[in-house]
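The values are calculated or read from the model by the stated rules, or taken from the named source; none is laboratory data. If you're wondering where the values come from, they're calculated on a predicted model, not measured in any experiment. Cβ placement follows ideal geometry from the backbone for every residue including glycine, while neighbour counts extend to all protein chains displayed.
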Amino acid sequence: MTNKLQVEIFGNHYTLQGEADSAYTQSLASFVDQKMVDLAGKTQGLHLSKLAVLTAINISHELFQLRNQQAVQRDFIDGKTRDLISNIEDQFEDLNFDK
């Protein structure tokens, strides 16, 4: 089911359409709005299109950082898992079931 939602981002109104829940879509719009407001406060006089692009770059940077952190954590967990499995296998090898 396709949902339509009116949102406001940086003083402009947009109609968003998609499968996502309306509350989720509104939270996305609010997130982008807040990022634009924050960036506009640091960079006076930018044209809306430049502000939107810089906001997209900043959000993309955050996403890439999170993906990198996730990959590091996944590699750490994978290593620990392999170590645990190896340790368990070693302990089973040390058991002598023939006695």
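Laid out as a table, the results:
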| read-out | value |
| --- | --- |
| Qualifying residue in the range 67-90 (condition: surrounded by fewer than 11 Cβ atoms within 10 Å (Cβ to Cβ) and among the aromatic types (Phe, Trp, Tyr)) | yes |
| Members of the range 19-36 found to be touching a strand residue (DSSP E or B) at 6+ places or on another chain (Cβ under 9 Å) and in a helix (DSSP H, G or I), listed by number | 22, 25, 26, 28, 29, 30, 32, 33, 36 |
| Options 51, 39, 16; residue that is part of a strand (DSSP E or B), in contact with a helix residue (DSSP H, G or I) (Cβ under 7 Å, 6 or more places away or on another chain), on the phi < 0 side of the Ramachandran plot and modelled with pLDDT of 95 or more | 16 |
| Criterion violated by residue 74 - all others in (1) in contact (Cβ under 8 Å) with a residue 12 or more places away in the chain; (2) of a type in the set (Lys, Arg); (3) over 30 Å from residue 13 (Cβ atoms) satisfied | (1) |
| Residue that is farthest from the chain's Cα centre (by Cα), among those in the range 57-99 that are over 28 Å from residue 40 (Cα atoms) and among the acidic types (Asp, Glu) | 98 |
| Residue check for residue 69: free of Cβ contacts under 8 Å to residues at least 12 places away in the same chain, polar (S, T, N, Q) and more than 22 Å from residue 16 (Cα to Cα) | yes |
